[in-house]
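Data first, discussion second: the structure below is written as structure tokens.
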Amino acid sequence: MKILVTGVAGFIGFHVAKKLIDDNIEVIGIDNINDYYPMTLKFDRLKELGIQPDFIRYNNKVKSETMKSFTFLRLDITDESHLLNLFNREKFDIVIHLAAQAGVRYSLDNPKAYIKSNIEGFNNILEACRNFPVKHLVYASSSSVYGMNKEQPFSVKHKVDSPVSLYAATKKSNELMAHSYSYLYNIPTTGLRFFTVYGPWGRPDMAPMLFAKSIIEGKPIKVFNNGNLERDFTYIDDIITGITKIMSLPPCEKIPYRILNIGNSKPVKLGEFINEIEEALGEKAIKEMYPMQDGDVYSTFADVSELQQLTNYKPTIALKEGITKFIKWYTAYFN
């Protein structure tokens, strides 16, 4: 089996690739390694996979020095011609598409980056899967598509017609685009609505990294909506377990299209999350209270019943354990 992982230098992509490689599956990873956040972290993730930055050239295959089943290419999903050539050459069995312009707040000031990567780039992935058929396209959606939905827990049966950020709108667009390609070209697709993923090697623009950094440096942390927010924080290992179970699912009958929530299904108040980080660090946070931010939502809560029925998925990492593991990695990495 040969699997393509896009966004392999990113947080979730790195962990997916590592798990697949550990399972002796051949993996080709691509990433454009953009500068949305410091590229050093992305290169360090690749180093963990046996890819030395000095050997990376655009559209040039680099074999891992330590993991014989892994190959990396620096490639942008908006580069249609090179992407099609890659699919034609490699004949992938499964595609796990995680490359995207991430971040809700960044989308308020940089909308074109989201249209380019999340719409144009995703269409290129769909076209590649149409021209060079794969057994399954698994792609990242987001819990942000639920917008200001008041019904909880969030179910894939709920309407998601009112996104409150362009990022969320592009993810909903991906789901619609995938449906049309599944219907027209019989491409098996599964969209995964991730719920607030955290853990080692996470993104520095997300709350765990921001909070840990500020607490260690004795700087204030920004607490939005006076801390009255809830998030369905999901540890990275539980996300990866779900993805690897999902990729082998048989396609749906009639239209081979599926949307699934993947989360912990246990919302946590932001204050409790901060308390766990404080306890793990042994230091108190200096908190600055701010109002609700544009593009943000009050609460997220995943109904994962469909995923459980299909795969027996069950999150196993409680918040305290997950934060402890994250802080252990964080302090070691940034020491």
Worksheet item: Could you name the aspartates and glutamates in cross-link range of LYS116, using Cα to Cα under 13 Å and dropping any fewer than eight places away on the same chain?
Response: ASP76, ASP79, GLU80
Item to complete: Under 20 Å from a label point 7 Å along Cα→Cβ of ALA332: give me every residue in the stretch 216-233 with its amide N that close.
Response: 216
Item to complete: Provide Rg and Dmax in Å for the stretch 91-204, with only Cα atoms included in the calculation.
Response: 14.4, 44
Practice prompt. Report the residue, chosen from PRO200, PRO53, PRO315, that carries the largest GNM mean-square fluctuation when the chain is represented by alpha-carbon nodes joined by springs under 10 Å.
Written response: PRO53
Worksheet item: Any idea what the relative contact order of the stretch 73-178 is, in percent, if you count C-alpha pairs under 8 Å spaced at least 6 apart?
Response: 33 percent
Worksheet entry | Scaled radius of gyration (Cα, divided by 2.2 N^0.38 Å) that the chain gives | 0.96
Worksheet item: Nearest 0.05, what FRET efficiency do LYS61 and ILE115 give at R0 = 22 Å with Cβ-Cβ as r?
Response: 0.15
Practice prompt. Under a cut-off of 20 Å between alpha-carbon atoms, report the lysines in cross-link reach of LYS112, not counting same-chain residues fewer than 8 places apart.
Written response: LYS171, LYS172
Worksheet entry | Cα-only radius of gyration and Dmax that characterise the stretch 193-335, units Å | 16.7, 57
Discussion item. Below 8 Å between Cα atoms, with a sequence gap of 6+, how large is the relative contact order for the chain in percent?
Written reply: 17 percent
Practice prompt. Please report how far the C-alpha centroid of the stretch 139-164 lies from that of the stretch 181-237, rounded to the nearest whole angstrom.
Written response: 15 Å
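Pull up the DSSP beta bridges for the stretch 21-177 and report the antiparallel fraction as a percent, rounded to 5. Present the calculation step by step, with values, prior to reporting the outcome.
On the way: 2 of 12 bridges.
That works out to approximately 15 percent antiparallel.
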Worksheet entry | Length-normalised contact order of the stretch 1-124 in % [C-alpha pairs under 8 Å, at least 6 apart] | 29 percent
Discussion item. Looking only at the chain, where both bridge partners belong to it, what percent of the DSSP beta bridges are antiparallel (to the nearest 5)?
Written reply: 10 percent
Worksheet, complete the sentence: Using alpha carbon centers only, the stretch 101-132 is separated from the stretch 258-329 by a whole-angstrom value of 26 Å
Practice prompt. Neighbouring Cβ atoms within 10 Å as the yardstick, rank TYR330, TYR185, TYR257 fewest first.
Written response: TYR185, TYR257, TYR330
Item to complete: Apply the Kirkwood formula to the stretch 75-150: the hydrodynamic radius equals the inverse of the mean of 1/r over all pairs of different alpha-carbon atoms; give it in Å with one decimal.
Response: 13.6 Å
Practice prompt. Treat the count of other C-beta atoms within 10 Å as a stand-in for reagent exposure and order ARG89, ARG231 from fewest to most.
Written response: ARG89, ARG231
Practice prompt. Let me see the pair-distance distribution of the stretch 155-223: every alpha carbon pair, 5 Å bin width, integer percents in order.
Written response: 3, 13, 15, 16, 14, 13, 10, 7, 4, 3, 1, 0
Worksheet, complete the sentence: Expressed in angstrom and ordered largest first, the alpha-carbon extents of the stretch 203-278 along the principal axes are 55, 22, 18
Worksheet item: For CYS252, CYS129, what ranking results if the residue with the fewest other Cβ atoms within 10 Å of its Cβ goes first?
Response: CYS252, CYS129
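Values in this text are rule-based calculations from the coordinates and carry no lab data. Because the structure is predicted, anything quoted here is derived from the model rather than measured. So basically every Cβ, Gly included, is an ideal-geometry build from the backbone, and we count neighbours across all protein chains shown.
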